[in-house]
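I am attaching a structure below and will ask some questions about it afterwards.
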Amino acid sequence: MMKNTLRLLWRNRLAFAGGIVVLSLFAVSWLAPAIAPFDPDKVQVRERLKPPGTAGHVLGTDSLGRDVLSRLIWGSRVSLKVGIVAVGIATLIGLFLGALAGYHGGVTDGVIMRFVDLMLCFPSMFLILAVIAVLEPSIWNVMIVIGLTGWMGVARLVRADLMSLKGRDFALAARAMGAGDTRIILVHLLPNAMGPVLVTATLGVAGAILTESALSFLGLGVQPPTPTWGAMLTEGKDYLQQAWWLSLYPGLAILVTVLSYNLLGEGLREALDPHNREAVPK
Amino acid sequence: MLKFTAVRLLMMIPTLIGITIVSFTVMHLAPGDPTNYVLDMNPKASQTARARMRELYGLDKPIHVQYWNWLKSLAKMDLGRSFAPDRRLVTEKIVERLPVTLALNVFSMAIILIVSLPLGLVAAVKAGGMFDKSSTVFVFVCFAAPSFWLALLGMYLFGVKLGWLPISGMTSLGFEHMTSWQKFADLSRHLAMPVVISSLGGLAGLSRYLRSNMLEIIRKDFLTTARAKGLSERVVIWKHALRNALIPVITILGLSVPGLVGGSVIMESIYAIPGLGQLFYVAVMSRDYPVVMGGLVMGAVLTLLGNLLADLGYAAVDPRVRDAAFK
């Protein structure tokens, strides 16, 4: 199955390209200290607002003379970290509550799913901003808040899968052999429900990166001087007339990253869909 | 239909109570309490002043009593007074901002609908062709581009470079003295960019959904029947298939309400449009708790109303839904 999935992913060129970009971004943020041409925080007042291409600054400099390319490279660390940790939190909560609801059914299911419906009523931007207003804006709070407001999709998926899986022969066999609820859920049921969860998580990373950049843009996300793509755009806004490059490149970085995660996620969805699996030549 | 509406309205009550509980809990996550913020501004505030303030806001009472009192005043549409220097009633502030945000979102939704419908349907009918591929890439790019970035680029291109559109606010100077035709033109020029840009992100959801839904319907038996009895391909697709593909659009539009309302925070603060989103953003920045709490409840209620309208619309066009609700 794994091989088939990979082959289908290869056949979907867009998804494959997305995967390559995602992997490269991991490499870039890992290697940031080595490949960034300048220190991202080094202020050089005499070099301020230089257009792209001057004095080794490939993408120009900002209002404090910091190198835009280096800040973009270091900024990829924040996006990646927030995307993965936030989605990790959301997925764990979703798996836990979804499994409880789907496996036990009845009142447990009713209560959990009403809570899911309730959480879906809040425009997530409002909820996130309200929590940030109460707590302090920081990278950790941003990750936690995005995670706490993004688990509902996973919970619904896992619940639906577990409801159908728990009645299947292999689950009944496990129970007949004396396995407890926890063991049945963790060892027998959840592994069979992971495909769609993986798809949702991949798409979730894209959403989390967008949300983080919006929060940082609004000044309520990761705080300066940490370079983040969203915060770089806030600065670009103030220099819209003099320095277009400050507004162009960070947004492009967000666009490419989010697009790649989305293409990869959609490709995975298609590849994991059993309707498409037979179509692959052996 | 009347019975369906009544049942659907009753079902909203527990959700409304839930919304108030979540909003109240969120606002009381704070390690300190709101008086800290108000009094920290003023170093001369004494311990007694602080106690008086806590009493004034009822913060000295146990948490469930506080919730109950808040709920009671909420039922009377009283959300307290803003912490901002103007000390105005929160409800008043929200109500005067609401029409702007509603108008923005209704226009955005109209654009999403007008663009997504042909995009999704034509892509499905010509699946795999050039149009299908390019429209897919287009909607994915729109979905991935951060709206605030597009807003900046738009301001640079149409505002600074070309000078076609104003880059902030909702009205020009001297708006009060314009004729109503000029007022309309002025408003349209100010709102054109925010409305178009906030609609771009929503294109992907609806058009992709329509495409896959239409693809599924095209394979259905009743279409084969329609073809078998000799109807032309055009009638089969654009009449029989289309009608069935359009029904779920109502639900998708309803589901897009929270995203649009949430997105208005970003759009309104960039373009300095005096709507609910901007009010909420300013309140968050200045820790104006009563307004934040009111905005949170309001945002959720708007979503709830969006879902209600979608459900009623769906039931109106599809009798199966109406009947299923009572099973």
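Test B:LYS161 against the criterion of being in the same structural domain as B:LEU242 (by TED's automatic domain parsing), among the charged types (D, E, K, R), at pLDDT below 90 and in contact with an Asp or Glu (Cβ under 7 Å, 6 or more places away or on another chain), and give yes or no. First the steps, then the outcome.
Details: in the same structural domain as B:LEU242 (by TED's automatic domain parsing): yes; among the charged types (D, E, K, R): yes; at pLDDT below 90: yes; in contact with an Asp or Glu (Cβ under 7 Å, 6 or more places away or on another chain): no.
Answer is no for this residue.
Oh, and also: Could you list all residues from the stretch B:112-165 that are in a loop (DSSP other than H, G, I, E, B) and more than 19 Å from the chain's Cα centre (by Cα)? Spell out how you get there, then give the answer.
Taking the stretch B:112-165 as the starting set, the residues that turn out to be in a loop (DSSP other than H, G, I, E, B) are B:126-129, B:145-146, B:162-165.
Once the filter is applied, which keeps residues that are in a loop (DSSP other than H, G, I, E, B) and more than 19 Å from the chain's Cα centre (by Cα), the stretch B:112-165 yields B:LYS126, B:ALA127, B:GLY128, B:GLY129, B:LEU162, B:GLY163, B:TRP164, B:LEU165.
So, one more: Report yes if B:MET77 is away from chain A (no Cβ under 14 Å) and either modelled with pLDDT of 70 or more or touching a Pro at 6+ places or on another chain (Cβ under 7 Å) (or both), otherwise no.
For B:MET77, the condition - away from chain A (no Cβ under 14 Å) and either modelled with pLDDT of 70 or more or touching a Pro at 6+ places or on another chain (Cβ under 7 Å) (or both) - is met.
Can you tell me which residue is farthest from the other protein chains (Cβ to nearest Cβ) among those in the stretch A:138-165 that are more than 30 Å from B:LEU308 (Cα to Cα) and surrounded by 19 or more Cβ atoms within 10 Å (Cβ to Cβ)? Show your work before the answer.
We begin by selecting, within the stretch A:138-165, every residue more than 30 Å from B:LEU308 (Cα to Cα); these are A:138-144, A:165.
Imposing the further condition that a residue be surrounded by 19 or more Cβ atoms within 10 Å (Cβ to Cβ) reduces the set to A:141-143, A:165.
Values: A:ASN141: 11, A:VAL142: 14, A:MET143: 16, A:LEU165: 25 Å.
Across the stretch A:138-165, the extreme among qualifying residues is A:LEU165.
Would you confirm whether any residue within the stretch A:105-121 is more than 17 Å from B:GLY295 (Cβ to Cβ) and not in a helix (DSSP H, G or I)?
Yes - at least one qualifying residue is present in the stretch A:105-121.
Just checking, how many residues over the stretch B:220-238 are within 13 Å of B:VAL125 (Cβ to Cβ) and loosely packed, with under 12 Cβ neighbours inside 10 Å? It would help to see each step written out before you state the result.
Pass one, the stretch B:220-238, residues within 13 Å of B:VAL125 (Cβ to Cβ): B:223, B:233-234, B:236-238.
If we keep only those that are loosely packed, with under 12 Cβ neighbours inside 10 Å too, we end up with B:233-234.
Final tally of qualifying residues: 2.
Need a quick list: helices (runs of 4 or more DSSP H) entirely within the stretch B:243-327 having at least 2 residues that are free of Cβ contacts under 8 Å to residues at least 24 places away in the same chain. If you could, list the steps in order and put the result at the bottom.
Working: elements: B:249-255, B:257-270, B:276-285, B:289-317, B:319-324.
Of the helices (runs of 4 or more DSSP H) lying wholly inside the stretch B:243-327, those with at least 2 residues that are free of Cβ contacts under 8 Å to residues at least 24 places away in the same chain span B:257-270, B:276-285, B:319-324.
Which ones in the stretch A:232-241 are more than 10 Å from chain B (Cβ to nearest Cβ) and either of a type outside the set (A, V, I, L, M, F, W, C) or closer than 17 Å to B:GLY154 by Cβ (or both)?
In the first step, residues of the stretch A:232-241 are kept if they are more than 10 Å from chain B (Cβ to nearest Cβ); the result is A:232, A:235, A:238-239.
Across the stretch A:232-241, the qualifying residues are A:GLU235, A:ASP238, A:TYR239.
Quick one: in the stretch B:287-312, which of the residues that are more than 9 Å from chain A (Cβ to nearest Cβ) and among the aliphatic types (A, V, I, L, M) is nearest to B:VAL22 (Cα to Cα)? Even if it seems obvious, please write down each step before you answer.
Filtering the stretch B:287-312 down to residues more than 9 Å from chain A (Cβ to nearest Cβ) leaves B:290-291, B:294, B:297, B:305-306, B:308-312.
Keeping just the survivors that are among the aliphatic types (A, V, I, L, M) gives B:291, B:297, B:305, B:308-310, B:312.
Numbers: B:VAL291: 16, B:VAL297: 9, B:LEU305: 18, B:LEU308: 20, B:LEU309: 23, B:ALA310: 24, B:LEU312: 26 Å.
For the stretch B:287-312, the residue satisfying everything is B:VAL297.
In the list A:LEU80, A:LEU95, which residue meets the criterion of being touching a Ser or Thr at 6+ places or on another chain (Cβ under 9 Å) and more than 14 Å from every other protein chain (Cβ to nearest Cβ)? Break it down into steps so the answer makes sense when it comes.
Numbers: A:LEU95 fails: touching a Ser or Thr at 6+ places or on another chain (Cβ under 9 Å).
Every option except A:LEU80 fails the conditions.
Please indicate, with yes or no, whether at least one residue in the stretch A:38-46 is touching a residue at least 60 places away in the same chain (Cβ under 8 Å) and either among the β-branched types (Val, Ile, Thr) or within 14 Å of chain B (Cβ to nearest Cβ) (or both). Walk me through how you get there before you give the answer.
To start, the set of residues in the stretch A:38-46 that are touching a residue at least 60 places away in the same chain (Cβ under 8 Å) comprises A:40-41.
Narrowing further to those that are either among the β-branched types (Val, Ile, Thr) or within 14 Å of chain B (Cβ to nearest Cβ) (or both): none.
Among the residues of the stretch A:38-46, not one is touching a residue at least 60 places away in the same chain (Cβ under 8 Å) and either among the β-branched types (Val, Ile, Thr) or within 14 Å of chain B (Cβ to nearest Cβ) (or both), which makes the answer no.
Which pairs have Cβ atoms under 7 Å, sit 6 or more apart or on different chains, and link a residue in the stretch A:215-231 that is over 20 Å from B:LEU150 (Cα atoms) and within 14 Å of chain B (Cβ to nearest Cβ) to one that is assigned to a loop (DSSP other than H, G, I, E, B) and among the β-branched types (Val, Ile, Thr)?
none
Any residue at all in the stretch B:51-68 that is modelled with pLDDT of 80 or more, under 29 Å from the mean Cα position of the chain (by Cα) and more than 30 Å from B:ILE237 (Cα to Cα)?
yes
In the stretch A:98-114, which residue that is away from every other protein chain (no Cβ under 14 Å) and β-branched (Val, Ile, Thr) is farthest from the chain's Cα centre (by Cα)?
Result: A:VAL107.
How many residues are buried (at least 21 other Cβ atoms within 10 Å of the Cβ), within 26 Å of B:SER23 (Cβ to Cβ) and more than 8 Å from every other protein chain (Cβ to nearest Cβ) when one looks only at the stretch B:261-285?
Summing the residues that are buried (at least 21 other Cβ atoms within 10 Å of the Cβ), within 26 Å of B:SER23 (Cβ to Cβ) and more than 8 Å from every other protein chain (Cβ to nearest Cβ) in the stretch B:261-285 gives 9.
Give A:ARG269, A:ARG183 a once-over and let me know the one that is in a helix (DSSP H, G or I), free of Cβ contacts under 8 Å to residues at least 24 places away in the same chain, among the basic types (Lys, Arg) and more than 10 Å from chain B (Cβ to nearest Cβ).
Details: A:ARG269 fails: free of Cβ contacts under 8 Å to residues at least 24 places away in the same chain.
It is A:ARG183.
The values are calculated or read from the model by the stated rules, or taken from the named source; none is laboratory data. Just so we're clear, the structure is a prediction, and the values are computed from it rather than from any experiment. Every residue, glycine as well, gets a Cβ built from its backbone with ideal geometry; the counts of neighbours run over all protein chains shown.
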